[in-house]
1. Between ALA37 and ASP331, 0.36 nm times their residue separation minus their Cα-Cα distance comes to what?
2. Separation between the GLN129 and ALA147 pseudo-spin-labels, each 7 Å from Cα along Cα→Cβ, expressed in nm?
3. Could you list, bin by bin from short to long, the percent of Cα-Cα pairs of the chain in 20 Å steps?
4. Mind sorting GLU569, GLU112, GLU326 by how few other Cβ atoms lie within 10 Å of their own Cβ, fewest first?
5. Taking 7 Å along the Cα-to-C-beta vector as the label spot, tell me the SER25-GLN58 distance in nanometres, rounded to one decimal.
6. Could you pull out every residue, at least 5 positions away or on a different chain, whose amide H is within less than 5 Å of the one on SER462? Hs are placed 1.01 Å off N in the peptide plane, and Pro or chain starts have none.
7. Using a Förster radius of 60 Å, what is the FRET efficiency between ALA96 and ARG565 based on their Cβ-Cβ separation? Nearest 0.05, please.
8. Just the ratio, please: alpha-carbon radius of gyration of region 566-656 over 2.2 N^0.38 Å, N its number of residues.
Amino acid sequence: MKRSLTVLAIAVAAVAAGATWYMHSKQPQRSGELALAHLQAPVSVRYDERGVPHIQAQNEADMYRALGYVHAQDRLFQMEMLRRLARGELAEVLGAKLVDTDRLFRTLGIREHADRFSQTLDPQSPAMQALQAYLDGINQFQDNRPAPVEFDLLGIHKRPFTVEDTVSVAGYMAYSFAAAFRTEPVLTYIRDQLGADYLKDFDLDWHPDGVIGAPALAASDWQDLNKLASLSQQALVDAGLPQFEGSNAWAVAGSHTKSGKPLLAGDPHIRFAVPAVWYEAQLSAPGFELYGHHQALNPYASLGHNPRFAWSLTMFQNDDLDLIAEKVNPDNPNQVQINGQWVELQSREETIQVKDGEPVKLTLRRSPHGPIINDALGASAGKTPIAMWWAFLETENPILDAFYQLNRADTLDKARAATAKIHAPGLNVIWANASGDIGWWAAAKLPQRPAGVNPSFILDGSSHEADKPGFLPFSANPHEENPARGYIVSANYQPLSPTGVAIPGYYNLADRGQRLNDRLAQPDVKWDLQNSQALQLETATGYPQRLLQPLLADLRAAAADDAERALVEQLASWDGDHQLDSTAATLFNQLTYELANAATRDELGEQFFDNLLYTRVLDTLLPRLAANAASPWWDDRSTPAKEGRAETVKKAWQASLAHLHKTLGNDPAQWQWSSAHSLTHGHPLGQQKPLDKLFNVGPFAAPGGHEVPNNLSHRVGPAPWQVIYGPSTRRLIDLADASHSLGINPVGQSGVPFDAHYQDQAEAYIQGQYLPQHYTDEDVKANTKGTLHLVPAH
């Protein structure tokens, strides 16, 4: 028996040793020397205490080649998954369950567009030279180092990364902004199936011109639209990859700061994931220096700063995607009517490779308006082709060159010129420099639409109203440069055009931006890094009282006893602050869902109601609905009686209490926000148990909430709530001393499981801490934990 136990102990030790060796072989190398082909001179990469690389090169090509190498050793699996999602290739490694996602992305045309667009790029341009060097660095790492553990688990075969992959990922980013798939079908259904009275609470102008009428869409078509909305949303969730959602940014002129120089703050709101979306790196070569935040497969920083200038981004959220119902020729199903003429649909064949399954062949069609997106549903698609006009596919969009130039834009003129080259997705660029300038430009090619056309609804492809006669000039885009008030705020609310032209979009409510504006407008406050932290971390909003005040009489009448009346009064006096110890936050968010549920589910049905919960128009609807006692939404169609606001509010109140008692316990004092609102950073493989224990990070009790400055936001629904998206980084740069800026990563710099930097910032992030972004040579040297020397291969 002793001999058997000894053998078993040796076997266990051998397995443990093998596992330890295996995982160690996958870890990034952050010290020592490595030979890299195509380098012209040695490159130094110093890693600080957070695992951020500080790259010093003797020329630009070497700098970007080194960035590609170190980015890949921390994030290769993220790069692989993003390109597969964008190009419709996930089923090849994840199996048949991802066929629908792949079919959707093939239908969107991102892959085809990227392949065609990449051939038009000038290989000798500085931006392309930088991209090619960066991709070479990625491919050299992939060719010469062990594959990530996820590659082994999924059986992923290595293949080179290409310019087409980078352009495809840019297309994914643009698509993740597009709210039309979730919103236009719901609003069109409400208008055509319920009537104009039901639209009034959405604050939408009623423009019947150019929109498809009720008789044109059959029941099967409405089913298509429901499925597309669900598929569009679920595709991003299933992939476990970042999705761009909103953002805060502001620039304060020196007249309003303690230092006398401009201060920039930014926190783009993106779906949480492991690894986090941004990869931080400091780049230095003769004539260039930048501390930047990079996306996978992109060598140019999307956010960045140096001692001379800094910028951040928010999502413009302009409507750059229209859904268009085509009229089919009854004598030829391959023809649609365009301005009185029958036009042939174009088609192409593609094949999705499926792991452990047969390949899936696709026939994808296109009208003059764009791809037929209900081809994403395969054989089950309805009879009406729905085309997608999308600015990303229809503009020249030199976005790579735009960000290459923005990384070097130290004057207003240079920053404006670079921003003008961003055509899609729509982005707000908020910028400041040490010379004292601040600026904001809404970057996008804004399509001209015929008068009377409301793109909030599905358009009629048989008439000229669905056409796009051209684009507005960049000068017509919303913008500000050095405004007299001394600051600029961008928070996804609807901007005003300098020409007065309406700019349709799926904008967030103004509450978050208004709260930031109120703080920045205080005449007696001088802004610095410390009080700017407090502003970024604010967890209150005025939205709850806008929703609650019209309902208080009905809520008081609905309260059944003194305990319930006390809860109503707690809501009535609540300041909207979503602190961890708040019980009012929990009660309010449950009530918000129950009000939406009681008022709209009976009219919309399960699928359209579920899709409504994912839209921004729900935020607009609820306060307006609360204030409109005569709204038809208050009647419950499932009963013979005609209910009003009081009856529906009472139903929502009772449902809220019942759910919270069941979920969080009978004592309302225990309904604290910390018990109901949490953040877990999910890895693509962490969706499967028990892999969630290995790859996911969290959960953490999360302060903040939906549309507060610290926008740790959840989907409207019943408790408990999982935070879906929030600040993907928090950055603060005072241009009096930009070398001592502050920031934070929500998880960690590395995407390699079991690496020391896989989740080392997660606790600090949720606690609202900020960490230094080392910049000066002296500061970097003092905080260097390892130096990797890249030398030319002989």
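Each reported figure results from applying straightforward, stated rules to the coordinates on display, with no laboratory input. Everything quoted here is computed from the prediction, not taken from an experiment. Virtual Cβ from ideal backbone geometry, glycine too; neighbours counted across all protein chains shown.
1. Full extension from ALA37 to ASP331 adds 99.7 nm.
2. With each label placed 7 Å out from Cα toward Cβ, I get 3.5 nm.
3. Using 20 Å bins, I get a P(r) of 16, 48, 32, 5, 0 for the chain.
4. GLU569, GLU112, GLU326
5. Simple spin-label model gives 3.5 nm for this pair.
6. Distant-sequence amide H within range of SER462: LYS327.
7. Rounded to the nearest 0.05, the efficiency is 0.65.
8. That works out to 1.13 for region 566-656.
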